[in-house]
Amino acid sequence: MQAKNLSISPQLSGFLDFVRWLAALLVVLGHVRLLWCAEYASVQDNSLPVKLFYFATGFGSEAVMVFFVLSGFLVGGGALRKWHNGTYSARDYFISRFSRIYTVLFPALVCGGLLDWIGLQYFNGTGLYTNSSIYHSPLLNFSVANNLDWATFLSNLANLQGILTRHFGSNGPLWSLAFEWWYYCLFGLMLEASGRKGNDPALWFLASAALIALIVLPAKLLLYMLVWGAGVWAAMFDPQRFRLSPLAGCVLFVSLLAGSRLFHILLDGYVDRLPGAMFIRFAPNLLLAAGFSLLVISLRSAGCATVRSLTFHKQMADFSYTVYLMHVPLLVLIAAILSSNHGVPLSVAPTFEVLLFLAALLLSVYLALYLFSLLTERFTPNVKALLMGLFVPSRLKTEAGSN
């Protein structure tokens, strides 16, 4: 396997940036609709534009699966390439992952919790934060007030939400971050163990840590690591071995994406009643992950430009993590203020006026989150450099000082 066949071209990098920010936008759009618009079954207007609106804003779960594949491709695939080339360092890997996650996660938990506390104390007239009978949203089918405690905050800081405790405050999307964090840890353990010999005591320690993680972590988390692994497979697959045209890859992915959406539309209310519901839900997600992985492989094989304005896509992707982590607390607070203090109705039909309002709301939220990212996500390389300096072995520091 030659490293030159596994590199990422600027064109492919631009496409991945485009997918990153578009997937984050689809998640936000889905949550905006769940918070502000009535459920489709209760909407009397069944015109084609309304149907298209509900269909287009329903790809949030698929977007999260694409996020997992992208993470596997960029993080897992990048680490595995270094391992094959003999340049992998567990220290560098875990410092990179820690700085990437926690540069944004800690301030997001603090600021998100603060927004929820303000809303609960001063703008809960419609019961958004207590899940009262006054107003109910599928996005908030729980009491936010019950999630604003120190134990939940600390468990979320350790990425144990959905494993040992609830997500913090209103921030339901944090569940997927816990999945991703533990995929990083498990994959790092596997890479480190694979480089050890059988008589190395560290191998037994690493194997024991991995075994404990496999026992403690939820079955759903471990099952969906196959989706993450599809991205690793796409990163390591030599596109010269199997040529798939970009058109064929795109048709395959779009078909599986539409099939996944139809699956959720038709069966969402029935799947959980069936035996093996977790596996039934997982099957279309795995097929979708395989389809997106094949699309990426086809683009790598062709080596052609797929998107324009690469700088724009890079800029949008650079704060997509902030968007994902912070949009729900901000949206909920805005909804609480407008509904409690200004009588703006919630759970309404998506009329033209409502859609204009939601478009303006979306632009305002993105601007606020971009500014927040300038104080957090933008400094990820600085945090990484600081941690690299702190954890460089003393031997290397001595050698560097003598040169």
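The values are calculated or read from the model by the stated rules, or taken from the named source; none is laboratory data. Bear in mind the structure is a predicted one, so any value in this text is a computation, not a measurement. Counting neighbours? That spans all protein chains shown, and the Cβs are built from the backbone with ideal geometry, glycine included.
The sole residue among GLY127, GLY77 that is without any contact (Cβ under 8 Å) to a residue 12 or more places away in the chain, over 25 Å from VAL216 (Cβ atoms) and not aliphatic (A, V, I, L, M) is GLY127. Taking the criterion of being crowded, with 18+ Cβ neighbours inside 10 Å, hydrophobic (A, V, I, L, M, F, W, C) and within 19 Å of PRO381 (Cβ to Cβ), the residues of segment 77-101 that qualify are ALA79, ILE95, ILE101. Only a single criterion out of (1) modelled with pLDDT under 95; (2) surrounded by 15 or more Cβ atoms within 10 Å (Cβ to Cβ); (3) among the aromatic types (Phe, Trp, Tyr) is not satisfied by PHE55, namely (2). Summed over segment 341-356, residues that are at pLDDT below 85 and touching a Leu at 6+ places or on another chain (Cβ under 6 Å) total 0. Inspection of segment 204-217 finds a residue satisfying the criterion of being among the polar types (S, T, N, Q) and without any contact (Cβ under 8 Å) to a residue 12 or more places away in the chain.
Checking each residue in segment 218-229 for being of a type outside the set (Lys, Arg) and either at pLDDT below 95 or farther than 9 Å from PHE68 by Cα (or both) picks out PRO218, ALA219, LEU221, LEU222, LEU223, LEU226. Name the one entry in ASN147, ASN199, ASN141 that is polar (S, T, N, Q) and surrounded by 14 or more Cβ atoms within 10 Å (Cβ to Cβ). Result: ASN147 is the single residue among ASN147, ASN199, ASN141 that is polar (S, T, N, Q) and surrounded by 14 or more Cβ atoms within 10 Å (Cβ to Cβ). The criterion of being closer than 30 Å to GLY72 by Cα and β-branched (Val, Ile, Thr) holds for VAL392. Criterion applied to GLY229, GLY276 was being more than 14 Å from SER61 (Cα to Cα) and crowded, with 18+ Cβ neighbours inside 10 Å, and the one residue passing it is GLY229. Take HIS327 and tell me if it is more than 21 Å from SER170 (Cβ to Cβ) and surrounded by 15 or more Cβ atoms within 10 Å (Cβ to Cβ). So HIS327 does not fit the description; no. Considering segment 270-323, and only residues there that are assigned to a loop (DSSP other than H, G, I, E, B) and hydroxyl-bearing (Ser, Thr, Tyr), the residue that is farthest from PHE67 (Cα to Cα) turns out to be TYR270. In segment 1-46, of all residues being farther than 20 Å from LEU294 by Cα and not in a helix (DSSP H, G or I), the one that is modelled with the highest pLDDT corresponds to CYS37. Flag: SER61 does not match the condition of being of a type in the set (Ser, Thr, Tyr), within 30 Å of VAL392 (Cα to Cα) and out of contact with any Leu (no Cβ under 7 Å at 6 or more places or on another chain). Of the candidates SER260, SER301, the single residue that is farther than 24 Å from TRP83 by Cα, polar (S, T, N, Q), more than 17 Å from the chain's Cα centre (by Cα) and buried (at least 18 other Cβ atoms within 10 Å of the Cβ) is SER260. Provide a single number: the residues in segment 304-324 that are surrounded by fewer than 19 Cβ atoms within 10 Å (Cβ to Cβ), at pLDDT 90 or above and either closer than 21 Å to ALA234 by Cβ or of a type in the set (S, T, N, Q) (or both). Summing the residues that are surrounded by fewer than 19 Cβ atoms within 10 Å (Cβ to Cβ), at pLDDT 90 or above and either closer than 21 Å to ALA234 by Cβ or of a type in the set (S, T, N, Q) (or both) in segment 304-324 gives 2. Can you say whether PHE67 is surrounded by fewer than 22 Cβ atoms within 10 Å (Cβ to Cβ) and touching a residue at least 12 places away in the same chain (Cβ under 8 Å), as far as the supplied structure shows? The answer is no for PHE67.
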